[in-house]
1. Out of Trp163, Phe9, Asn144, whose Cα points farthest toward the positive end of the dipole of segment 8-173 (charges: +1 Lys, Arg; -1 Asp, Glu; placed on Cβ)?
2. Taking just the alpha carbons, could you work out the radius of gyration and Dmax for segment 355-474, both in angstroms?
3. How far is helix 223-236 tilted off the main Cα axis of the chain, in degrees rounded to 10, range 0 to 90?
4. Spin-label point model (7 Å from Cα, Cβ direction): what's the Lys464 to Tyr335 distance in nm?
5. Counting other beta carbons within 10 Å of each residue's own, what order do Lys87, Lys310 fall into, fewest first?
6. With the cut-off at 28 Å, tell me which of the pairs Lys195/Lys464; Lys94/Lys474; Lys325/Lys464; Lys87/Lys195 have Cα atoms farther apart than that.
7. Please compute the modelled spin-label separation between Arg139 and Asn68, points set 7 Å along Cα→Cβ, answer in nm with one decimal.
8. With the dipole of the chain worked out from charges on the C-beta (+1 for Lys and Arg, -1 for Asp and Glu) around the Cα centre, which of Tyr237, Gln216, Val389 lies farthest toward the positive end?
Amino acid sequence: MTTVSTKQFWFVVGSQHLYGEEALAEVKAHAQEMTDALNNSGVLPYPLVLQDLAVSADKITSIMKEVNYRDEVAGVITWMHTFSPAKMWIRGTKLLQKPLLHLATQYNESIPWATIDMDFMNLNQAAHGDREYGFINARLNKQNKIVVGYWERPEVQKQIAEWMDVAVAYNESFHIKVARFGDNMRNVGVTEGDKVEAQIQFGWTVDYFGIGDLVQVINEVTEEEINDLFAEYAELYDFEYGSYSKEDWEASVKVQISYEIAIKRFLDQGGYNAFTTNFEDLHGMKQLPGLAVQRLMAQGYGFAGEGDWKTAALDRLLKVMSHNKSTGFMEDYTYELTAGQESILQSHMLEVDPTLASSKPKVVVSPLGIGDKEDPARLVFDGKQGDGVVVSMADFGTHYKLLINEVTAFEPTTPAPKLPVARVLWNVKPNFQDGVKAWIENGGGHHTVVSLNLTTDQIVTYAKLVNLDYVVIK
């Protein structure tokens, strides 16, 4: 489900006619060599496609118009091989509506002191061109990414790759559609938000459906479909029957299987890639969707509980950005306040994302305690370790705000035999007291999306692209 339509990035190399056709031919040859090497590096997640040299305002404008028109083009990477007068770039850059990366590099790594002459200087003056080109982007407030360094170095290629993931997610943001099954949880503040503004600013479409619309699809799921998926579960997960008879346990699991099939069918038919549920709105359903939701999150659908459509859309966005690796919906639950061991236990009633699992999950059936429904099945596991970011979006009435906190997740070492839900533990930066205080002071919500695969820089890059207010806690 995280698969997006085939994307590519255009490589636009700046130069000018001043140095003659022979020099331009060499510029084009260098650019082609770089394009081929970057594509063959195995680092970039999407292909780079070299365009005609940007040697005039008309050529630059034509390229940028085509970028906007071509859905498969996710963004533009520019490189100033020579000095490229920036006034040529104004019209095209103003028209560009997709992410832009300025690669401040040079074809040659070292200055050839024994042979350097003015021909070499004129041809290889990226330091000159970078300043001229950078000025006009700053003047236009383009919010472009700048990557500096020799293009063959792994750390430079890694930065380009990470930006590509952000650019693809930015484009995908305008295709995020959230289906809300039921409304928001009553009396909760942070799950509310202006849906019209979210569609204007981020491109998110948010639609409401009465729970009866989903129940109708659930009732159409066949026993054969349920049994086929149950067999798949048996291969993927450990089964823990607990105090339930095998018959009752399997009956509960199969309810969740029917939910998984129905929700996926409903979403796919409507073109939705994210959704919410609400334990206060389950009329006609036997259980709160738990295992079903976890399975769909693992497939790349965005999700958040209690009708929190903002977090569901954010979850989908970051899943695309991270290729659905170690990224998912989360909720702050309980503090560990032992001196020197301060951390936060993250979980949810049921819906903890299996992309965060450190080991093979087990299927467990247990009472929920709220919602007054039958005992639902869920996947139980411990979370992975690693550095990452936790992100929360809030509507402050006048504007949206993104809270970003760097965290270090760790695998629990103490068993929790009576806890029938998955658990994730992390330490917040810069430390527990200052990190938690800053989060609360800035209005960070209890619903978040965590990723152990993304960086703060990537989240900030996206926030700038959509003019989103943000706070970084690290």
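1. Asn144
2. When restricted to the Cα atoms of segment 355-474, Rg and Dmax are 16.7, 46 Å.
3. That helix lies at roughly 70 degrees to the long axis.
4. If labels sit at Lys464 and Tyr335, their model points lie 3.5 nm apart.
5. Listing Lys87, Lys310 from fewest to most nearby Cβ atoms yields Lys87, Lys310.
6. Lys94/Lys474; Lys87/Lys195
7. 2.0
8. Val389
Any read-out appearing in this document is the output of simple, stated calculations on the displayed coordinates, not a laboratory observation. Computed from a predicted model, the values in this text were never measured in an experiment. FYI the Cβ positions are ideal-geometry reconstructions off the backbone, even for glycines, and counts take in every protein chain you see.
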